[in-house]
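The values are calculated or read from the model by the stated rules, or taken from the named source; none is laboratory data. Worth saying up front: this structure is predicted, and the values here are computed from it rather than measured. Note: ideal-geometry Cβ built from the backbone for every residue, glycine included; neighbour counts use all protein chains shown.
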Amino acid sequence: VATQKLGEQKAGAASYNINDNSTVQSIRAQIVAKEVELVGLRQKYTDNHPSVIAAQRQLTQLSQSLSDEVGAVVNSNAASLNSAQMELLKNQAVAQAQASAASASEAAIKAKKAEKETEISQLPEAVMDYIKLESDAKIKQQIYTSLVQQCEQDKIQEAMESMDIQIIDAANLPDEDKPAAPRKKLITAIGFVIGCLISFGYGLICYKKEETV
């Protein structure tokens with residue numbers, strides 16, 4: 001798109017020797033190495049793993065550094081152009097540099113893949129099973145560690161939320177074998193006493209009636 005807009009203006013990475021710039025070459029080599037490392041990490045972990053996230057962040061920073069360095073080279077060599085043309089030239093050069101880095105990364109990843117496939121093909125089946133089991137064990141161990149850390153964080157959070165509550169005295173709970181109510185023995189004794197009084201009173205009344213007759 002930038003080339004079409006520039007028309008007859010032929011300027012890009014080759015015009016300013018961007019690909020020969022030592023800083024650009026160094027950043028591009030770092031991008032290639034980081035791409036290969038990221039592919040290796042993704043073979044072991046998910047995209048949410050801290051190592052994968054850190055590698056992806058570093059790769060983004062390297063891509064930004066490449067764009068900044070290419071932009072600086074273009075600015076230093078195209079100072080005579082107007083701002084619109086300079087921006088187009090910068091976009092063109094950055095796109096060419098990123099495409100070159102992507103091609104180099106792809107070639108490096110393919111070479112690494114071929115190397116690993118050759119190594120794996122030479123391993124016996126027992127070793128392959130061991131490598132697979134070891135990888136599964138490491139992943140499960142990391143998952144377990146993550147769950148333990150999350151559990152500890154939840155406990156800390158729960159403790160922080162309940163810090164405003166303080167227990168002064170333990171609750172005085174009733175004994176299951178000695179309930180507070182109903183008190184059966186006391187009720188029986190009182191009923192017995194009341195029954196005796198009623199019987200005594202009734203007998204006394206009957207005795208008085210017989211004397212009167």
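Here is a check on your reading of the model: is residue 156 under 32 Å from the mean Cα position of the chain (by Cα) and modelled with pLDDT under 75? Spelling it out, it is not the case that residue 156 is under 32 Å from the mean Cα position of the chain (by Cα) and modelled with pLDDT under 75. With 166, 96, 149, 92 as the choices, which residue is outside the structural domain of residue 75 (by TED's automatic domain parsing) and either surrounded by 10 or more Cβ atoms within 10 Å (Cβ to Cβ) or at pLDDT 80 or above (or both)? Going through 166, 96, 149, 92 in turn, the sole match is 149. Among the numbered conditions (1) modelled with pLDDT of 75 or more; (2) surrounded by 12 or more Cβ atoms within 10 Å (Cβ to Cβ), tell me where residue 60 comes up short. For residue 60, the failing item is (2). Checking each residue in the stretch 119-131 for being of a type outside the set (A, V, I, L, M, F, W, C) and more than 16 Å from residue 43 (Cβ to Cβ) picks out 121, 122, 124, 125, 129, 130. Does the stretch 67-82 contain at least one residue that is surrounded by fewer than 17 Cβ atoms within 10 Å (Cβ to Cβ) and modelled with pLDDT of 75 or more? The answer is yes, given that some residue of the stretch 67-82 is surrounded by fewer than 17 Cβ atoms within 10 Å (Cβ to Cβ) and modelled with pLDDT of 75 or more. Does residue 141 satisfy being modelled with pLDDT of 80 or more, of a type outside the set (Gly, Ala, Ser) and either assigned to a helix (DSSP H, G or I) or farther than 29 Å from residue 28 by Cβ (or both)? So residue 141 fits the description; yes.
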